[in-house]
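Before any comments, here is the structure.
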Amino acid sequence: IERGAENDSLSKKIMKRFFQELIKENGLVAYGEKEIKNALEIGAVEDLLISEALDLWRVKIACNCGYENILTKTEQDLQKLETEIPEKQCPKCGNLQLEIKEKIELVEELSEKAENIGAKVHLISVDTEEGNQLFKAFGGIAAILRFSMR
């Protein structure tokens, strides 16, 4: 993982490359959690760009009856969920046996998947204009692709 704060020029360079691809008609880019996840699953990601300000968790909720649901939550929403979950009824069986089975930071989950397919992971600081754009305009997650997914 390459940290943006330690190497701002590298962050600017990789973000510049992302924006150059973005404006091409068939640019090799992806952004947003769902599209990035798909790109990682098919091995299309060359460079994964993650904002250091990204504050999302992947949470797996489950019940003894077999019900499972995977949610993406902010740190604040996760804390709220952790206090509310014992009083929530399972949508499948109606019992009060819902539990948080797993929780992982989205940054960690996506980074692992990227490294498994040989993609480079770049943590981009929001201290730069480009990094700020990545966070605000693209939800903090983007990628430069090896091949088109269209």
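The values are calculated or read from the model by the stated rules, or taken from the named source; none is laboratory data. None of the values given here were measured: they were computed from a predicted structure. Positions of Cβ are backbone-derived with ideal geometry, glycine not excepted, and every protein chain shown enters the neighbour counts. All accessible areas refer to the heavy atoms of the entire protein, side chains included, with ligands and DNA or RNA removed. Shrake-Rupley method; radii C 1.70, N 1.55, O 1.52, S 1.80 Å.
Going by what's in this entry, would Ile50 be described as of a type in the set (Val, Ile, Thr), part of a helix (DSSP H, G or I) and touching a strand residue (DSSP E or B) at 6+ places or on another chain (Cβ under 7 Å)? So Ile50 does not fit the description; no. For beta carbons closer than 6 Å, sequence separation of 6+ or different chains, a first residue in region 86-100 that is among the polar types (S, T, N, Q) and a second that is part of a loop (DSSP other than H, G, I, E, B) and open to solvent by less than 80 Å² (accessible area, probe 1.4 Å), the qualifying pairs are Gln97/Cys63.
Here are the criteria: (1) touching a strand residue (DSSP E or B) at 6+ places or on another chain (Cβ under 9 Å); (2) open to solvent by 100 Å² or more (accessible area, probe 1.4 Å). Tell me which single one Lys34 does not satisfy. Result: Lys34 fails condition (1) only.
Among the residues that make up region 48-65, is at least one of them open to solvent by 30 Å² or more (accessible area, probe 1.4 Å), over 13 Å from the mean Cα position of the chain (by Cα), at negative phi and among the β-branched types (Val, Ile, Thr)? Checking region 48-65: not a single residue is open to solvent by 30 Å² or more (accessible area, probe 1.4 Å), over 13 Å from the mean Cα position of the chain (by Cα), at negative phi and among the β-branched types (Val, Ile, Thr). Residue count for region 118-138 satisfying the condition of being assigned to a loop (DSSP other than H, G, I, E, B), at pLDDT 95 or above and open to solvent by less than 50 Å² (accessible area, probe 1.4 Å): 1.
The residues of region 139-150 that are over 21 Å from Lys73 (Cα atoms), touching a helix residue (DSSP H, G or I) at 6+ places or on another chain (Cβ under 7 Å) and either open to solvent by 80 Å² or more (accessible area, probe 1.4 Å) or assigned to a loop (DSSP other than H, G, I, E, B) (or both) amount to a single one, Met149. More than 22 Å from Asn132 (Cα to Cα), aliphatic (A, V, I, L, M), open to solvent by 50 Å² or more (accessible area, probe 1.4 Å) and in a loop (DSSP other than H, G, I, E, B) - does that describe any residue in region 68-82? Looking through region 68-82, none of the residues is more than 22 Å from Asn132 (Cα to Cα), aliphatic (A, V, I, L, M), open to solvent by 50 Å² or more (accessible area, probe 1.4 Å) and in a loop (DSSP other than H, G, I, E, B).
Is it true that Leu98 is open to solvent by less than 50 Å² (accessible area, probe 1.4 Å) and either within 17 Å of the chain's Cα centre (by Cα) or within 24 Å of Ala142 (Cβ to Cβ) (or both)? Criteria not met by Leu98. Among the residues of region 18-36, those identified as within 20 Å of Lys73 (Cα to Cα), at pLDDT below 95 and touching a helix residue (DSSP H, G or I) at 6+ places or on another chain (Cβ under 9 Å) are Gly32, Glu33.
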